[in-house]
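Single-structure report; data block below.
The values are calculated or read from the model by the stated rules, or taken from the named source; none is laboratory data. As the structure is a computational prediction, the values presented were derived from the model and not from experiment. As a convention, Cβ positions derive from the backbone with ideal geometry for all residues, glycine included, and neighbour counts pool all protein chains shown.
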Amino acid sequence: MTNVPANANELTIAQARDALRAGDLTAVDLTMACLTAIDAGDTLNAFVHKTPEIALDQARAADARLAAGGAPDLCGIPLGIKDLFCTRGVPSQAASNILRGFRPEYESTVTRRLFEAGAVMLGKLNMDEFAMGSSNETSCYGNAVNPWRIDDRLLTPGGSSGGSAAAVAADLCLGATGTDTGGSIRQPAAFAGITGIKPTYGRVSRWGIVAFASSLDQAGPMAKSVRDCAILLQAMAGHDPMDSTSADIPVPDFEAALTGDIRGKVIGIPREYRMDGMPAEIEALWHRGAEMLRDAGAILRDISLPHTKYALPAYYVIAPAEASSNLARYDGVRYGHRAKLAQGDGIIEMYEKTRAEGFGPEVQRRVMVGTYVLSAGFYDAYYNRARKVRALIKRDFETVFAEGVDAILTPATPSAAFGLGEMANADPVQMYLNDVFTVTVNLAGLPAIAVPAGLDGQGLPLGLQLIGRPWAEADLLNHAHVLERASGFVARPAKWW
Ligand code: GLN
């Protein structure tokens, strides 16, 4: 045994990388520290499948590679993987009962790339069922819990990548994969006081990731710092012939882009994101964030994105439409669960019973909404209308970028993390309102990052969002790095679990 700090799981990826390379830490010891933290963190319900044997095998291989020299940045770094990613031989259920027992025979491109770079898989992370939700409460495993809490009130870690956010914030892993269709990386990152980036649509391969809404879905990293997100994104990104929407364009060196120099950059402040009823603390944080960027030499500019108010309704037509089509494959024949049939049941009963048992209420709602908006009589009124609105939202962004804006600063979420159970039984639209600042970005295919920037009056983390030009993740990460340094956010949840 080497002389390992007992709390090696609390390191950032960049710190662990340097310690591993210097021989101050072994991948096996680092992995053991995470596995111990995971077992001690069971109450958080962040990991839904633990893979300690795989982790230790990968860690031993990483140590051999490190010893040989020239190992990649992620060699020996323990990660959690969202349950939406197919991982070979390991349960991959998208937190749905309909995929119970499904163990893919293939590896998603993202996880394959991470493991080829030497990363260690600790297990699969909790999420909302099929990534539909903003609180992790639609998961078939029950919700993950936010490591931040107020007194004894348990809070949501956000959704859908709530398990990823909880696991990173509680130091159960050094980083995690997430996916973002309407905010599922950025909203949970903001709720848990960590950083998460949704890349430009096409930057990261979707191959082997369970599809929710294919024209919006994009995978990205969630980690403890902007630098860690840069390191993870480097390994995840790049063209993949297995995904026809993945772009064949070069991937820059994201970590090298973190110069901290944003002098002369133009930051847009969109007036439409100043929502009625937005808490004053969020407004104040947004203001402070803008001042931090200005103090670093950026130029602030008031901008208008006039179609913003139509984004949420358009998203909640397009996303369910695509979901209803993508989820048609879960028929009781090809994957996972099949309902027990009664004497005389035919194929229709098999579909109906399997889908009624396998899908939770939110997924069923989306399938019904999606089928309705795609139906012959309503297609033009809903789906085509929403697609037109989407084009207008995209054009709003194109216009401001053409006028010289480099990045756009907004709040990440309209509130801090809310209590578990508080919204789950309310009108579903209340839950959908959580995505008000994030869905525009998916509709426009842009990159955006959530950075923790302060605490609210109750002591809960609040995040800011930076939205970038297409393919400008390097620049975006650099802006976020400036914000991260200026805000000096270092608060961690007090350990109670
Ligand atoms: N909360 C949004 C939804 O429920 C976004 C989900 C996501 O990004 N996967 O659709």
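Would you confirm, using the coordinates I've provided, whether Leu443 is surrounded by 19 or more Cβ atoms within 10 Å (Cβ to Cβ), under 15 Å from Ala192 (Cβ atoms) and not small (Gly, Ala, Ser)? Give the derivation first.
Values: surrounded by 19 or more Cβ atoms within 10 Å (Cβ to Cβ): yes; under 15 Å from Ala192 (Cβ atoms): no; not small (Gly, Ala, Ser): yes.
Against the criterion (surrounded by 19 or more Cβ atoms within 10 Å (Cβ to Cβ), under 15 Å from Ala192 (Cβ atoms) and not small (Gly, Ala, Ser)), Leu443 does not qualify.
Would a scan of segment 146-158 turn up a residue that is assigned to a helix (DSSP H, G or I), more than 26 Å from Ala257 (Cβ to Cβ) and within 16 Å of the ligand (Cβ to nearest atom)? Spell out how you get there, then give the answer.
Initial filter on segment 146-158 (assigned to a helix (DSSP H, G or I)): none.
No; the residues of segment 146-158 include none that is assigned to a helix (DSSP H, G or I), more than 26 Å from Ala257 (Cβ to Cβ) and within 16 Å of the ligand (Cβ to nearest atom).
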Taking Leu305, is it part of a helix (DSSP H, G or I), in contact (Cβ under 8 Å) with a residue 60 or more places away in the chain and either closer than 30 Å to Ala237 by Cβ or of a type outside the set (Val, Ile, Thr) (or both)?
no
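Test Val400 against the stated conditions and say whether it is aliphatic (A, V, I, L, M), part of a helix (DSSP H, G or I), more than 20 Å from Pro313 (Cβ to Cβ) and touching a residue at least 40 places away in the same chain (Cβ under 8 Å). Talk me through it step by step, then tell me what you get.
Numbers: aliphatic (A, V, I, L, M): yes; part of a helix (DSSP H, G or I): yes; more than 20 Å from Pro313 (Cβ to Cβ): yes; touching a residue at least 40 places away in the same chain (Cβ under 8 Å): yes.
Taking the combined requirement at face value, the residue satisfies it.
If we keep just the residues of segment 93-110 that are outside any helix (DSSP H, G or I) and touching a helix residue (DSSP H, G or I) at 6+ places or on another chain (Cβ under 6 Å), which is surrounded by the most Cβ atoms within 10 Å (Cβ to Cβ)? Break it down stepwise before answering.
Filtering segment 93-110 for residues outside any helix (DSSP H, G or I) gives 93-96, 100-108.
So of that shortlist, the ones also touching a helix residue (DSSP H, G or I) at 6+ places or on another chain (Cβ under 6 Å) come out as 93-96.
Details: Gln93: 27, Ala94: 29, Ala95: 33, Ser96: 29.
Going through the qualifying residues, I end up with Ala95.
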In this structure, is Gly377 away from the ligand (no atom under 16 Å from the Cβ), within 27 Å of Tyr310 (Cβ to Cβ), part of a loop (DSSP other than H, G, I, E, B) and over 22 Å from the mean Cα position of the chain (by Cα)?
yes
Subset of segment 182-197 [more than 9 Å from the ligand (Cβ to nearest atom), touching a Ser or Thr at 6+ places or on another chain (Cβ under 7 Å) and either closer than 7 Å to Ala450 by Cβ or in a strand (DSSP E or B) (or both)]
Ala189, Ala190, Thr195
One residue is enough: does segment 313-326 have a residue meeting the conditions more than 16 Å from the ligand (Cβ to nearest atom), at pLDDT 95 or above and not basic (Lys, Arg)?
no
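Being more than 14 Å from the ligand (Cβ to nearest atom) and within 30 Å of Val429 (Cβ to Cβ) is true for just one of Leu79, Leu99, Leu84, Leu114. Which residue is that?
On the way: Leu79 fails: within 30 Å of Val429 (Cβ to Cβ); Leu84 fails: more than 14 Å from the ligand (Cβ to nearest atom); Leu114 fails: within 30 Å of Val429 (Cβ to Cβ).
Just one listed residue meets the conditions, Leu99.
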Which number in (1) closer than 30 Å to Ala37 by Cα; (2) in contact with a Pro (Cβ under 9 Å, 6 or more places away or on another chain); (3) among the polar types (S, T, N, Q); (4) within 16 Å of the ligand (Cβ to nearest atom) marks the one condition that Thr413 misses?
(2)
What is the residue count in segment 214-265 for residues that are assigned to a loop (DSSP other than H, G, I, E, B) and closer than 27 Å to Arg301 by Cβ?
11
Give me the pairs, please: first residue somewhere in segment 145-167 and modelled with pLDDT under 95, second residue anywhere and not in a strand (DSSP E or B), beta-carbon distance under 8 Å, and either six or more positions apart or on two chains.
Ile150/Gln458; Ile150/Gly459; Ile150/Leu460
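Would you call Ile303 modelled with pLDDT of 95 or more and either more than 26 Å from Val168 (Cβ to Cβ) or over 24 Å from the mean Cα position of the chain (by Cα) (or both)? Let's see the steps before the verdict.
Numbers: modelled with pLDDT of 95 or more: yes; either more than 26 Å from Val168 (Cβ to Cβ) or over 24 Å from the mean Cα position of the chain (by Cα) (or both): yes.
Yes; evaluated as a whole, the condition is true for this residue.
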